[in-house]
Amino acid sequence: MQKVAAELLRQLRPTPDLVVVQGDTSSALGAALAGVLANVPIAHVEAGLRTHDPLLPWPEEEYRTAIDARADLLFAPTETAAANLRLEGVRGEVHVTGNTGIDALKVAQSRLMPTPSTVLEDRPRILVTCHRRESWGEGLRSIASALIQIARDGVAAIDVVLHPNPHVAATIRQSLDSIRGISLIPPCSQGELIDRMQVAELILSDSGGIQEEAAALGAPLLILREKTERPECIASGNALLVGTSTDRIVAAVRRLLDNPFERLAMARPAFPFGDGHAAPRIAEIIMSWLQQRSLTRRPA
């Protein structure tokens, strides 16, 4: 597949000066490898995120290290991510820019309108998302078991947003369908999800993007993973790492619901992942790099 994509790049006229990839998906890795095969430079947006464990998350940790090793320009969202890259001795230029996800969040926030689906009720509302591949099977069942226990406490309404992946959605439906106090929500648009995050007393999620967004929104977050490549949201006080253990999840939720001051301390907006201006910053660096490259390649 990479060879086919590389051939398509070679056939483009004019030939691309740069391939820009974002994130740690299989499509991002494929595009980066195609650029290498076509001898086109690579820029990686969201570079340097690391758990330092190739299995958590799998396969994303290995995808992003493979992209970073081949990139000519690396746009790290934080100083910690940039430090990871420098320790690895990557050959490309490292720039700390913030993450474009925060840019997108601010734009989406500005367009939000109140919706009836997120009207506050008497009980606190908990928002849940989960989809990580390493949690498939026992992890998802353990998370579901925790949600059932919390629902039986009767002290919170729980909204579980189903993931588009049919395997994940089927597992959640099988475990949580018809459980009193738990609502299963179809996959949301970005705007609806942000709207729900803003009114939730507490968020439980294994999403990398939500870790960034929750900090910026001041939404208290419990991370349903054993390790995270975004430790900045824990350092800022907006999130706690609880994993997928039923007992750990239940204990953390009960503690935060019983201690509003601790929960409020996590609800202060913080911006460890950028100020919302990452995109123009990245664009400026790319333009400067391309101009310099053009000058150095110009015949004497």
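The values are calculated or read from the model by the stated rules, or taken from the named source; none is laboratory data. Everything quoted here is computed from the prediction, not taken from an experiment. Counting neighbours? That spans all protein chains shown, and the Cβs are built from the backbone with ideal geometry, glycine included.
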Tally, over region 152-187, of residues that are touching a Lys or Arg at 6+ places or on another chain (Cβ under 7 Å), of a type outside the set (Val, Ile, Thr) and either buried (at least 19 other Cβ atoms within 10 Å of the Cβ) or not in a helix (DSSP H, G or I) (or both): 4
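Quick one: in region 74-88, which of the residues that are aliphatic (A, V, I, L, M) and part of a strand (DSSP E or B) is nearest to ILE234 (Cα to Cα)?
First, the residues of region 74-88 that are aliphatic (A, V, I, L, M): 74, 76, 81-83, 85, 87.
Next, from what is left, pick out any that are part of a strand (DSSP E or B): 74, 76.
Numbers: LEU74: 24, ALA76: 18 Å.
Filtering region 74-88 for residues that are aliphatic (A, V, I, L, M) and part of a strand (DSSP E or B), the one nearest to ILE234 (Cα to Cα) comes out as ALA76.
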Single residue of region 121-142 satisfying the filter (acidic (Asp, Glu) and over 16 Å from the mean Cα position of the chain (by Cα)) that is farthest from PRO260 (Cα to Cα): GLU138
Residue within region 134-151 that is at pLDDT below 95 and not in a helix (DSSP H, G or I) present: yes
Residue ID - farthest from ASP153 (Cα to Cα), chosen from residues in region 202-228 that are out of contact with any helix residue (DSSP H, G or I) (no Cβ under 7 Å at 6 or more places or on another chain) and among the charged types (D, E, K, R): LYS227
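Out of all the residues in region 134-146, is one or more surrounded by 14 or more Cβ atoms within 10 Å (Cβ to Cβ) and closer than 24 Å to ARG268 by Cβ? Reasoning before the result, please.
As a first pass, look at region 134-146 and keep what is surrounded by 14 or more Cβ atoms within 10 Å (Cβ to Cβ): 134-136, 139-146.
Next, from what is left, pick out any that are closer than 24 Å to ARG268 by Cβ: none.
The answer is no; no qualifying residue exists.
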